[in-house]
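Asks: Quick one: the structure is below, questions incoming.
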Amino acid sequence: MSAAAASPDVTPPQAGPPPTPPSGVTGTTPPAASSPTPAPASGPFDSLPVELRGDPNLTKYKSVEELARGNLELVKLIGAKGIIPPGKDATPEAVAAFHESLGTPKSAEGYSVAKSFTPPEGLPWNPSLLPGLLPVFKEAGITDAQASKLVEAYAKTQDEAYRGAMTEMAQQKETADTALRREWGTAYDAKMDVAQRAYKAYAGKNADAAGALMLADGTPLAEHPMMKRIFAAIGEGQGEAPLIGEANRRMTMTPAEAAAELFKIDNDPEQVKILRDSTHREHDALMARRSALHKSKVSGG
């Protein structure tokens, strides 16, 4: 036997058939452990109340993120368009709420213009006008600020129209009076005095009311030139008949009447003879009359 011991046999055993299972145990492979059944998927809005879950405004979004993004876009849209008015199918309550959100009072009595408005000084104003307008403003959805602007603008327009009409009437009266003065000349004051007293005699207790009646051109009845002419003629035709009031003007001729009288004198041979004879006893009186007639004739301008 050598010093180096021989190596033992370490060859691995050959694989053989599987060992026979113990008695009573089958030879099939044991089943693998089964996976747990997955829970049904839940929607993003399942935690909401039942009445909200099926709302199409929510179900169109697939996630909370989509809902958030959609809401932000909606806010931008509303900001760009301003307040969106109610549709044609909106209830009266919704329409009223919309108007009130803009500044329309809850009732017609809530308009501040009812207490703050004062008509322009001197303007004839119907006190029932504003109370009649306020319910219309409310029905139309007019805001409080708009109502004030409308009433103030209307009053300003009416005031300007009224003052313009008054100015025009005054100008017409002045023009008519100037024409009548030119027509009557130095007889104007005397004829006006007779006309006024004749008018009072015939109009009686209704003189003031009748004289204030407005004609189609805006002239008071008593101030119209035609009425002055008519009553001057009536007064002159009364002769000695009494008129209302004391006569305080001496009657003179109009330029036309004076011209006619002058024509008669200058074409009457007898009167022409007197005018040419300074020694005639009627010469001075006729010359004075002719001078007065000439003055009345030229006073009409």
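The values are calculated or read from the model by the stated rules, or taken from the named source; none is laboratory data. Here the structure is a predicted model, which is why all the values come from computation and not from measurement. For neighbour counting, all protein chains shown are included, and Cβ atoms are generated from backbone atoms with ideal geometry for every residue, glycine included.
Asks: Name the residue, out of A195, A259, A209, that is within 30 Å of S291 (Cα to Cα), surrounded by fewer than 18 Cβ atoms within 10 Å (Cβ to Cβ) and modelled with pLDDT of 80 or more.
Replies: Exactly one residue qualifies, and that residue is A259.
Asks: Here's something else I'd like to know. Looking at (1) at pLDDT 75 or above; (2) outside any helix (DSSP H, G or I), which is the one condition that is false for A68?
Replies: Condition (2) is where A68 drops out.
Asks: So which residues in the stretch 133-151 are β-branched (V, I, T) and over 13 Å from S116 (Cα atoms), if there are any at all?
Replies: Across the stretch 133-151, the qualifying residues are V136, I142, T143.
Asks: So how many residues does the stretch 109-133 have that are within 23 Å of T157 (Cβ to Cβ) and either among the β-branched types (V, I, T) or in a helix (DSSP H, G or I) (or both)?
Replies: 10
Asks: Just wondering, is there one or more residues in the stretch 25-43 that are closer than 30 Å to A145 by Cα and modelled with pLDDT of 65 or more?
Replies: No, that holds for no residue.
Asks: Does M253 count as under 13 Å from K191 (Cα atoms), at pLDDT 80 or above and among the aliphatic types (A, V, I, L, M)?
Replies: No: the conditions fail for M253.
Asks: Where residues in the stretch 212-227 are in contact (Cβ under 8 Å) with a residue 40 or more places away in the chain and either assigned to a helix (DSSP H, G or I) or aliphatic (A, V, I, L, M) (or both), which of them is nearest to A292 (Cα to Cα)?
Replies: Per the criteria, the residue is P225.
Asks: When both residues are 6+ apart or on different chains and their Cβ atoms are under 6 Å apart, which pairs have a first residue that lies in the stretch 179-192 and is modelled with pLDDT under 90, and a second that is among the small types (G, A, S)?
Replies: R182/G300; R182/G301; G185/S296; G185/S299; G185/G300; T186/S296; T186/S299; K191/A232
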